[in-house]
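Reviewing the structure listed below.
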Amino acid sequence: MANKVIGIIGAAIGILVSLLYIIGGVLAAATVLFAGLGALAAVFGFITLLLNVLGLVGSLLVHSKPTGAGVMMIVSGALTFLISFVVGWPFFFTGLMLCIPGILVLVKKPKSNHNNFAA
């Protein structure tokens, strides 16, 4: 349960920050002085938005498809984490908040549905 909550919080924060980067990049691209940087910020904002939506979907699928959800969270978190070195520190934390629960989902032992006691 905690893996799902941490993943949802990380993806939600990442989506909000991505939207801010897109809006700020579009507004900065409208000026002559910051046109190139604004367009770059908008592009990275759009890429991280897609990655964080993938992480959110993975977080929501933790209980029904744990292996696929863990892989989705790790991939989106790792790529967001790498992009944080180019774009900025907010994506550093959202990348970690997707990678760590993704790893924990993959290494968790599945519960067995049968008892070990003979009837």
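Quick note: the coordinates plus some simple rules give every number you see, no bench work behind them. Bear in mind the structure is a predicted one, so any value in this text is a computation, not a measurement. Cβ atoms come from the backbone with ideal geometry, glycine included; neighbour counts cover every protein chain shown.
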The chain, relative contact order [Cα under 8 Å, separation at least 6], %: 28
Mean residue ellipticity (222 nm) of the chain, computed from DSSP H runs ≥ 4 via -39,500 (n - 2.57), nearest 500: -27000 deg cm²/dmol
Label-point gap, in nm, between Ala12 and Lys65 - each point 7 angstrom along Cα→Cβ: 2.4
Highest-first arrangement of 83-93, 22-32, 52-62, where packing means the average Cβ count within 10 Å: 52-62, 83-93, 22-32
Dmax and Rg, reported as Rg then Dmax, of the chain (C-alpha, Å): 17.8, 79
